[in-house]
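I have placed the structure first, in the form of structure tokens, so that the comments after it can refer back to it.
The values are calculated or read from the model by the stated rules, or taken from the named source; none is laboratory data. Keep in mind that what you see is a predicted model, and the values were worked out from it rather than measured. FYI the Cβ positions are ideal-geometry reconstructions off the backbone, even for glycines, and counts take in every protein chain you see.
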Amino acid sequence: MTSPLKKIPVARVARGMYVHKICGNWLDHPFWRGSFLVEDETTLATLRALGNQEVWIDTDKGLDLPSSPIRAPSAPAPAPAPAAVEQEPEPPRTVFGNDVARAEELRDRAKAAAKALFHDARMGRALQMETAASIVDEVDEAIARNPAAMLSVLRLKNKDDYTYLHSVAVAALMMALGRRLGYEGVALKELGLAGLLHDIGKVGVPDAVLNKPGKLNPLELTSVRQHPQIGWDILRREVAAGPVALDVCLHHHEKTDGSGYPEKLAGNSISRAARMGAICDVYDAITSDRPYKRGWEPAEAIRRMAEWQDGHFDRDIFHTFVKLIGIYPTGTLVRLASDRLAVVLVQGEGSSLKPVVRLICALPDREPLEPETLDLHESDDRIVEIEDPVAWGIHIPRVLRE
Ligand SMILES: [Fe+2]
Ligand SMILES: [Fe+2]
């Protein structure tokens, strides 16, 4: 497959092209954010002012160069033109980057499978449980290999994907958490399947209500709160769904203080699987971008959930969950005491305050650093602050994929 990236002289850039990268030191440019769509004449003029410079364009995200005019067969063969357009070679990836790329490929297939499950449920047809089981197997393998890579890929969703990717993400979180709690084999897969199917009852709630910005009125709230029961009714017809999926589907909105729904169960009368489901479900929901609200950064989500834990979540399971995700979860942009910006890759061996990070740049001048991996557990350096990647113009998925 050819890369969508092409290197072209700045003079050949046109409106509608998507600039992936400006060659040279991008920090010297007014376009220091790196990637952008050339939408107006001002942007084009500023780009052209770079003179002899070259840029990489991404032809998947914007216009390509116009193709050369077709010559009549009788015309003399043109002299070979100097190669003005170069394909960027695939950059060598780190082991982590490789796992992220594999996880992205699996995410896309898993999303399609979840979409098919929801479609069948909407049509009142039998669910394709074999496909569901094989997706659960693959996600489990990915979680076993590199949980941080798989979970970070599943956190990023756009609004159209939300319902399907949320199902896959909760499946992955359930299995990652289950491994930490000692589940294995079939019991682990049952948790994964339960995560994948937990919100299947949302097919019975109007989209306008599910995606409504702002507060729901009492009628809409009642409608949303029916999805566990609707899901349970759907799954009851599927022998292969099994009792764990039925239970998690019906009880993932119960709270330990008895204030949840639909049955207002409290404490240990909520099964362990459903208590796990409640934590994974809330974490994924609040870290995802929704049509009406930007998702919280994982670190912020963990902090807020810790505030709610009494009454909402099972304390012991939540503590295991925090160890899994980390105080500084994968993909968090942090500032180090050495005044360098870095992105968290994985949780380290020791304290959750000292993860393994990848260095990005040195402050205050944003001087790019070799993308070195630093284990804070083994270093004198430490995290002093969480930073907003949007404010710094840093595209976290791209950093993780390197
Ligand atoms: Fe739900
Ligand atoms: Fe959910």
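I want to confirm something. Restricting to the stretch 269-289 and keeping residues that are within 27 Å of the chain's Cα centre (by Cα) and among the β-branched types (Val, Ile, Thr), which single residue is surrounded by the most Cβ atoms within 10 Å (Cβ to Cβ)?
Step one: filter the stretch 269-289 for residues within 27 Å of the chain's Cα centre (by Cα), giving 272-289.
Now restrict to residues that are among the β-branched types (Val, Ile, Thr): 279, 282, 286-287.
Values: Ile279: 25, Val282: 19, Ile286: 17, Thr287: 23.
Among residues in the stretch 269-289 that are within 27 Å of the chain's Cα centre (by Cα) and among the β-branched types (Val, Ile, Thr), the one surrounded by the most Cβ atoms within 10 Å (Cβ to Cβ) is Ile279.
Against the definition (among the aliphatic types (A, V, I, L, M), within 15 Å of ligand 2 (Cβ to nearest atom) and under 19 Å from Gly277 (Cβ atoms)), how does Leu235 come out, yes or no? Full working, then the answer.
Numbers: among the aliphatic types (A, V, I, L, M): yes; within 15 Å of ligand 2 (Cβ to nearest atom): yes; under 19 Å from Gly277 (Cβ atoms): yes.
Here the answer is yes, as Leu235 does meet what is asked.
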Checking the structure you have, find out if any residue of the stretch 307-322 is more than 24 Å from Ala144 (Cβ to Cβ), within 16 Å of ligand 1 (Cβ to nearest atom) and not hydrophobic (A, V, I, L, M, F, W, C). yes
Please verify whether Leu151 is closer than 26 Å to Leu400 by Cα, surrounded by fewer than 24 Cβ atoms within 10 Å (Cβ to Cβ), of a type in the set (A, V, I, L, M, F, W, C) and at pLDDT below 95, treating the condition exactly as stated. no
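Just a yes or no: is a residue in the stretch 170-187 of a type in the set (Ser, Thr, Tyr), in the same structural domain as Ala121 (by TED's automatic domain parsing) and either within 20 Å of Glu300 (Cβ to Cβ) or within 16 Å of ligand 1 (Cβ to nearest atom) (or both)? Break it down stepwise before answering.
Here is the first cut: in the stretch 170-187, the ones of a type in the set (Ser, Thr, Tyr) are 183.
Now restrict to residues that are in the same structural domain as Ala121 (by TED's automatic domain parsing): 183.
The next check asks that each one be either within 20 Å of Glu300 (Cβ to Cβ) or within 16 Å of ligand 1 (Cβ to nearest atom) (or both); those that pass are none.
Checking the stretch 170-187: not a single residue is of a type in the set (Ser, Thr, Tyr), in the same structural domain as Ala121 (by TED's automatic domain parsing) and either within 20 Å of Glu300 (Cβ to Cβ) or within 16 Å of ligand 1 (Cβ to nearest atom) (or both).
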I'm trying to understand the selection: among the residues of the stretch 370-394, which are in contact with a Gly (Cβ under 6 Å, 6 or more places away or on another chain) and in contact (Cβ under 8 Å) with a residue 60 or more places away in the chain? none
Of the residues in the stretch 290-299, those that are of a type outside the set (Ser, Thr, Tyr) and either surrounded by fewer than 15 Cβ atoms within 10 Å (Cβ to Cβ) or not in a helix (DSSP H, G or I) (or both) come to Arg290, Pro291, Lys293, Arg294, Gly295, Trp296, Glu297
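Matching residues to (1) touching an Asp or Glu at 6+ places or on another chain (Cβ under 7 Å); (2) closer than 20 Å to Trp296 by Cα:
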position	(1), (2)
Arg335	yes, yes
Gly348	yes, no
Ser352	no, yes
Ala362	yes, no
Ile383	no, yes
Val390	no, yes
Leu400	no, yes
The stretch 221-268 - residue that is modelled with pLDDT under 95 and not in a helix (DSSP H, G or I) and, of those, surrounded by the most Cβ atoms within 10 Å (Cβ to Cβ): Glu238
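Can you name the residue in the stretch 185-220 that is more than 21 Å from Ala274 (Cβ to Cβ) and assigned to a helix (DSSP H, G or I) and is also nearest to ligand 2 (Cβ to nearest atom) among such residues? Outline the logic, then answer.
Residues of the stretch 185-220 more than 21 Å from Ala274 (Cβ to Cβ): 206-220.
Among the residues that remain, those that are also assigned to a helix (DSSP H, G or I) are: 207-210, 218-220.
Working: Asp207: 15, Ala208: 18, Val209: 15, Leu210: 11, Pro218: 21, Leu219: 21, Glu220: 17 Å.
Residue satisfying both the conditions and the ranking: Leu210.
Filtering the stretch 127-156 down to residues that are outside any loop (DSSP other than H, G, I, E, B) and touching an Asp or Glu at 6+ places or on another chain (Cβ under 7 Å), which residue is farthest from Pro397 (Cα to Cα)? Steps first, answer last, please.
At the first step, the residues of the stretch 127-156 found to be outside any loop (DSSP other than H, G, I, E, B) are 129-145, 147-155.
Filter once more, keeping what is touching an Asp or Glu at 6+ places or on another chain (Cβ under 7 Å): 129, 145, 149, 153.
Values: Met129: 31, Arg145: 19, Ala149: 10, Val153: 8 Å.
Ranking the qualifying residues of the stretch 127-156, first place goes to Met129.
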Return yes or no: is Arg366 surrounded by 14 or more Cβ atoms within 10 Å (Cβ to Cβ), under 19 Å from the mean Cα position of the chain (by Cα), of a type outside the set (Gly, Ala, Ser) and farther than 19 Å from Lys323 by Cβ? no
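Of all residues in the stretch 385-402, how many are over 22 Å from Thr94 (Cα atoms) and surrounded by 12 or more Cβ atoms within 10 Å (Cβ to Cβ)? Before you say what the answer is, go through the steps one by one.
Of the stretch 385-402, the ones over 22 Å from Thr94 (Cα atoms) are 385-388, 390-393.
Filter once more, keeping what is surrounded by 12 or more Cβ atoms within 10 Å (Cβ to Cβ): 386-387, 390, 392-393.
Here the count works out to 5.
Report whether or not Arg358 is under 19 Å from the mean Cα position of the chain (by Cα) and of a type in the set (Lys, Arg). Spell out how you get there, then give the answer.
Values: under 19 Å from the mean Cα position of the chain (by Cα): yes; of a type in the set (Lys, Arg): yes.
So Arg358 fits the description; yes.
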For the stretch 210-220, which residues satisfy the criterion of being within 30 Å of Met129 (Cβ to Cβ) and crowded, with 16+ Cβ neighbours inside 10 Å? Leu210
Hey, does the stretch 214-234 have a residue that's more than 15 Å from Gly195 (Cβ to Cβ), within 14 Å of ligand 1 (Cβ to nearest atom) and among the charged types (D, E, K, R)? yes
Looking at Pro371, Pro397, which one is part of a loop (DSSP other than H, G, I, E, B) and of a type outside the set (Gly, Ala, Ser)? Pro371
Pull out all pairs, ordered by first then second residue, where Cβ-Cβ is under 7 Å, the residues are six or more apart or on different chains, the first lies in the stretch 253-267 and is farther than 17 Å from Ala285 by Cα, and the second is more than 16 Å from ligand 1 (Cβ to nearest atom) and polar (S, T, N, Q). Ala266/Thr256; Gly267/Thr256
Looking only at the stretch 222-240, and only at residues there that are over 29 Å from the mean Cα position of the chain (by Cα) and not aliphatic (A, V, I, L, M), the one that is nearest to Pro262 (Cα to Cα): Thr222
